[in-house]
Amino acid sequence: MKGRVFLVVMDSVGIGGAPDAGHYFNDGIPDTGANTLLHIAEACAMGKADVNRTGPLRLPHLGSLGLGNAIEFSVNKIAPGIDPISGGTWGVARETSRGKDTPSGHWELAGLPVDWDWHYFKNKSQSFPQDLIDILCDIAGTDGILGNCHSSGTDIIRTFGEEHCTSGKPICYTSADSVFQIAAHEIHFGRDRLINLCARFAPEVHRRKIGRVIARPFLGKTAHTYYRTDNRRDFALFPPKKILTNWLQDAGHPVTAIGKIGDIFSMQGIDKVREGSDATLMTHLADEVAKAQKGSFIFANFVEFDSRFGHRRDIAGYARALEWFDQEIGILIPKLREDDLMILTADHGNDPSWVGTDHTREQVPVLCAGGPSRHFGQISFKDVANLVLSHLNIPHPEVEEQNAN
């Protein structure tokens, strides 16, 4: 049994270059040319992201692992301030699943490509079918909903928050992703009531091949002071087959989820969950680096790149988050044990310079701290699962099953 593996997903930190980006859209515009990291770096270099930070994008620790190499390999361009290096262990992963959202990206990283088409609520207004609204209202005990449209989460609570607090009707919205989101005030509606509503409603939504129901609790007293809390809960479609976490747990390896990983995989193959804001999650990750037992697998997701900055098209905020993450991960890497492996990757893109407010179809970097220095070149998302299995000396269960037949 070799060391430990830390798989860290930098949610939405894409590097462009997806060959099928033209088949995915934001506000009717194809994602061709979207590149989250490159465009942030370019904006920083031109002085267009000097809000509570200044100058070029500074990611020395990720750069030392080969981030610049991965960007150049993906799109044949060098990101300003993120120069390629000699050495490093890096690759560029391409998603085969038909989607650009959290479940499809994470499931494929965990060895399970999605081979079906997700269902989406495509109408920008009056988005949900009446029979589904009726089911939701019956569970919630209300005579209607608010919203029923495509929207960003911050905009919709500002628009409907006061009416929600007065009427008690849940605020329901969606996006270009395969998702049904329900926002409610933690006090006026009740946080536990919201979580219970989403848990009971999710199976009805999943039957229609919608990937997630997300509970979006918020607080505040007026439209100008409403804010989303850290008590979000995702209720994802149950994985149809065993995934990486199952394989590792079945082989006797402790599995810890940090962030929303437990929700994404419906707790399949997970022994322990540690949650909180990204700052809190970093302390959890540091604790696992210090204390996790030999053979452990720690699967982490840092969501705020995506939720706070990508969807809101906040280039400066995204740059600040990247620089904070780079600094913090730079503290942890030297603390890894000799036989540990840390893999840093992403699940899709969310280019804050792009049109619209939705994810962008992109390739992602795969950066490794620990193990021999080498580069993988072009790989698939599911190859990340193979890196984990290989380091822990576990044969791929599906490959073994095929060989046995």
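The values are calculated or read from the model by the stated rules, or taken from the named source; none is laboratory data. This structure is a prediction, so every number in the text was calculated from the model and none was measured. Please note: Cβ atoms are built from the backbone with ideal geometry, for glycine as well, and neighbour counts cover all protein chains shown.
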Residue identified as in contact with a Phe, Trp or Tyr (Cβ under 9 Å, 6 or more places away or on another chain), farther than 24 Å from Ser307 by Cα and in the same structural domain as Cys198 (by TED's automatic domain parsing) among Ile171, Ile135, Ile157: Ile135
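What residue, of Phe309, Phe325, is aromatic (Phe, Trp, Tyr), farther than 22 Å from Gly66 by Cα and out of contact with any His (no Cβ under 8 Å at 6 or more places or on another chain)?
Details: Phe325 fails: farther than 22 Å from Gly66 by Cα.
One residue alone meets the criteria, Phe309.
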Looking at the stretch 94-102, is at least one residue assigned by TED's automatic domain parsing to the domain that holds Ala319, at pLDDT 95 or above and surrounded by 15 or more Cβ atoms within 10 Å (Cβ to Cβ)? yes
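Being of a type in the set (Phe, Trp, Tyr) and part of a strand (DSSP E or B) is the filter; apply it to the stretch 1-34 and report the residue that is surrounded by the fewest Cβ atoms within 10 Å (Cβ to Cβ).
So the first thing to find is which residues in the stretch 1-34 are of a type in the set (Phe, Trp, Tyr), and the list is 6, 24-25.
With the extra rule that they be part of a strand (DSSP E or B), the set shrinks to 6, 25.
Numbers: Phe6: 27, Phe25: 18.
Looking at the filtered set, the residue picked out is Phe25.
Going through Val384, Val355 one at a time, which residue ends up being of a type in the set (A, V, I, L, M, F, W, C) and either at pLDDT below 95 or part of a helix (DSSP H, G or I) (or both)?
Details: Val355 fails: either at pLDDT below 95 or part of a helix (DSSP H, G or I) (or both).
Of the residues listed, the single one that is of a type in the set (A, V, I, L, M, F, W, C) and either at pLDDT below 95 or part of a helix (DSSP H, G or I) (or both) is Val384.
Sort out which residues of the stretch 245-269 are among the aliphatic types (A, V, I, L, M), more than 17 Å from the chain's Cα centre (by Cα) and crowded, with 19+ Cβ neighbours inside 10 Å, and write them in order of number. Explain how you work it out, then say what you get.
So in the stretch 245-269, the residues among the aliphatic types (A, V, I, L, M) come out as 248, 251, 255, 257-258, 261, 264, 267.
Now drop any that are not more than 17 Å from the chain's Cα centre (by Cα), which leaves 248, 251, 255.
Matches in the stretch 245-269: Leu248, Val255.
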So Thr142 passes all but one of these: (1) over 14 Å from Arg232 (Cβ atoms); (2) at pLDDT below 95. Which condition number does it fail? (2)
Pairs only if they're at least six apart or on different chains, beta carbon under 9 angstrom, first in the stretch 178-196 and touching a residue at least 12 places away in the same chain (Cβ under 8 Å), second of a type in the set (Ser, Thr, Tyr) and in a helix (DSSP H, G or I); list them, first residue then second. Ser178/Ser104; Val179/Thr102; His188/Thr166
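Quick one: would you say Thr174 is surrounded by fewer than 23 Cβ atoms within 10 Å (Cβ to Cβ) and out of contact with any helix residue (DSSP H, G or I) (no Cβ under 6 Å at 6 or more places or on another chain)?
Numbers: surrounded by fewer than 23 Cβ atoms within 10 Å (Cβ to Cβ): no; out of contact with any helix residue (DSSP H, G or I) (no Cβ under 6 Å at 6 or more places or on another chain): yes.
No, not satisfied.
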Quick one: is Ile333 part of a helix (DSSP H, G or I), hydrophobic (A, V, I, L, M, F, W, C) and modelled with pLDDT of 95 or more? yes
If you check every pair at least six apart or on different chains, which have Cβ atoms under 6 Å apart with a residue in the stretch 289-306 that is in contact (Cβ under 8 Å) with a residue 40 or more places away in the chain and over 29 Å from Ala319 (Cβ atoms) first and a residue that is in a helix (DSSP H, G or I) and not aromatic (Phe, Trp, Tyr) second? Phe297/Leu248
